[in-house]
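Before anything else, here's the structure in question.
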Amino acid sequence: MAVQWIVVCHLLLTLLVVISFLCGHWPIFQGTFIERINYFITFGFYDYFKRIVGAVFGSRGTDAVLFVEYFCCDRPNPILQIIYLAIIGGTYYVIVKSSFSYIPGYYLSEVHRYTSLLAVAVGILLFLLTSFSDPGTVNAENVSHYISAYPYDNMIFVEKECSTCKILKPARSKHCSICRRCVARFDHHCGWMNNCIGERNTRYFMAFLFWHFLLCIYGTVAIGLVLAGQVKELKVIYILTVYYGMENSFRSLTPHVVQWLMVSYNTQILLMVFLAIVSLLLAGFFAYHANLCLTNTTTNETFKWEEYLSWQRKVHEAKASTAALKASISGLSNERKPRESKWKTFFRRSRLEDVKIVKDNIYDKGFLHNLCDIIFPLSTRPSFSQAKSKSG
């Protein structure tokens, strides 16, 4: 029994490392130990490895490491796409080998053999759509329309030229150094998709996240029903209560049922825990991006707004401090001014407390309009092609 618990702890630790590596950079894990594990795996370990290679093999070894880094991180490559396919294919294969022999069962009909395959196929289709669709590339032909569609707010977006593409950058666009192109309504570059997420394919990306969340929930519930069916068919409750004389209550039976499941169906238990954890991660990531979509904001703009508001707050605080200093100097120089009560001075609000910086997102036009822009991107509408033909 102790050996099996060691195996379980080992697998859970492996799962923690995998989740930290894949998802530790997500906003929901900011400031947690998962983010720190992710930082060590993605940056800290690599830094130590590069130093060791440099010390052992010299400059040639360091150059070889940097070349691999350039190929993997600074140019488009299918490494993470292959890893995704391996994860989803390997997980489904293990589920088939370990659980399909119990389908049909007490709670599941044979149809789930086919619906599970269909669900995985739809997930892969959404992955391919997001990976190979145009994110909204800005070029000389459509730049004028994107400029009219997304006006400059003169706060986080001002009129300027892309130093690489040599065209005027529309508001909300960004030049991706990995894909080497300007992308309209740029959100982020997704390594898993080997593609940027922008104006044209955000809908596919959101559908991908939501469908994989449902897929993990489906897998978790299906495996749970398989285990519950085995408990029912093998009459585990009956044996524990009649032959072993245990009290027929949830509290007394649960530890023994769980122990029996861990011994007899450890693979299914680990799969169920894995899918449940991934579903929670996907739920958080989807909720974060859904909030961005409904407020017509992108991940890139979130960082820009943080920088802009921080800068504006410092400017306003400096102005308020200057005004307060001038008021103090004028009060000292004016001898005829009656002396102010100490109580009034104590309870008087500071000018710095009146500093309020408000985010003014001109692109947020209500969640229904914002949602429509995601589902039906501007560049896919007939008005876009008409505008292009007129400008041509």
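Report, ordered by the first and then the second residue, all pairs with beta carbons closer than 9 Å, sequence separation of six or more or different chains, a first member in segment 171-196 that is without any contact (Cβ under 8 Å) to a residue 60 or more places away in the chain, and a second member that is in a strand (DSSP E or B) and of a type in the set (Ser, Thr, Tyr).
Once the first residue is without any contact (Cβ under 8 Å) to a residue 60 or more places away in the chain and sits in segment 171-196, its partners that are in a strand (DSSP E or B) and of a type in the set (Ser, Thr, Tyr) give ARG181/THR137; CYS182/THR137; VAL183/THR137.
If you check SER98, SER163, SER109, SER173, which single one turns out to be more than 20 Å from LEU215 (Cα to Cα) and at pLDDT below 95?
SER163
Something else now. Looking at segment 178-195, which of its residues are acidic (Asp, Glu) and in contact with a Leu (Cβ under 7 Å, 6 or more places away or on another chain)?
none
Name, by its number, the condition in (1) at pLDDT below 85; (2) touching a helix residue (DSSP H, G or I) at 6+ places or on another chain (Cβ under 7 Å); (3) among the β-branched types (Val, Ile, Thr) that does not hold for THR267.
(1)
Test LEU128 against the stated conditions and say whether it is loosely packed, with under 11 Cβ neighbours inside 10 Å and within 28 Å of the chain's Cα centre (by Cα). Break it down stepwise before answering.
Details: loosely packed, with under 11 Cβ neighbours inside 10 Å: no; within 28 Å of the chain's Cα centre (by Cα): yes.
The answer is no for LEU128.
Ok, one more. From the list THR254, THR241, exactly one residue is surrounded by fewer than 15 Cβ atoms within 10 Å (Cβ to Cβ) and free of Cβ contacts under 8 Å to residues at least 40 places away in the same chain. Which is it?
THR254
Please pick out the residue among CYS182, CYS196, CYS216, CYS165 that is surrounded by fewer than 20 Cβ atoms within 10 Å (Cβ to Cβ), within 28 Å of ASN77 (Cα to Cα) and among the hydrophobic types (A, V, I, L, M, F, W, C).
Going through CYS182, CYS196, CYS216, CYS165 in turn, just one is surrounded by fewer than 20 Cβ atoms within 10 Å (Cβ to Cβ), within 28 Å of ASN77 (Cα to Cα) and among the hydrophobic types (A, V, I, L, M, F, W, C): CYS165.
Working carefully through the options LEU270, LEU292, find the one that is in a helix (DSSP H, G or I), closer than 25 Å to CYS176 by Cβ and not assigned by the TED database to the domain that holds LEU13. Explain how you work it out, then say what you get.
Values: LEU270 fails: closer than 25 Å to CYS176 by Cβ.
That would be LEU292, the only listed residue that is in a helix (DSSP H, G or I), closer than 25 Å to CYS176 by Cβ and not assigned by the TED database to the domain that holds LEU13.
Let's see how each residue does on (1) outside the structural domain of ALA283 (by the TED database); (2) farther than 19 Å from LEU282 by Cα:
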site	(1), (2)
LEU12	yes, no
PHE21	yes, no
PRO27	yes, no
PHE43	yes, yes
SER59	yes, yes
VAL68	yes, yes
VAL94	no, yes
SER98	no, yes
HIS112	no, yes
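Yes or no, residue by residue, for (1) under 21 Å from PHE274 (Cα atoms); (2) surrounded by 12 or more Cβ atoms within 10 Å (Cβ to Cβ); (3) of a type in the set (A, V, I, L, M):
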| position | (1), (2), (3) |
| --- | --- |
| CYS9 | yes, no, no |
| LEU16 | yes, yes, yes |
| SER20 | yes, yes, no |
| THR42 | no, yes, no |
| TYR46 | no, yes, no |
| GLY61 | no, yes, no |
| VAL68 | no, no, yes |
| GLN81 | yes, yes, no |
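If you check PHE157 against the conditions, is it buried (at least 16 other Cβ atoms within 10 Å of the Cβ) and under 23 Å from ASN300 (Cβ atoms)?
yes
Here are LEU108, LEU66: which of them is in a helix (DSSP H, G or I) and of a type in the set (A, V, I, L, M, F, W, C)?
LEU66
Quick one: how many residues across segment 131-146 are crowded, with 19+ Cβ neighbours inside 10 Å and in a helix (DSSP H, G or I)?
4
Only one of these is closer than 30 Å to ILE375 by Cα and part of a helix (DSSP H, G or I): LEU240, LEU214. Name it.
Criteria check complete, one pass: LEU214.
Can you confirm whether ASN194 is within 23 Å of THR295 (Cβ to Cβ) and either under 20 Å from the mean Cα position of the chain (by Cα) or of a type in the set (D, E, K, R) (or both)?
Details: within 23 Å of THR295 (Cβ to Cβ): no; either under 20 Å from the mean Cα position of the chain (by Cα) or of a type in the set (D, E, K, R) (or both): yes.
In short, no.
The values are calculated or read from the model by the stated rules, or taken from the named source; none is laboratory data. Keep in mind it's a predicted model, so treat the numbers as computed, not measured. Methodologically, a virtual Cβ is constructed for each residue, glycine included, from the backbone with ideal geometry; neighbour enumeration extends over all protein chains shown.
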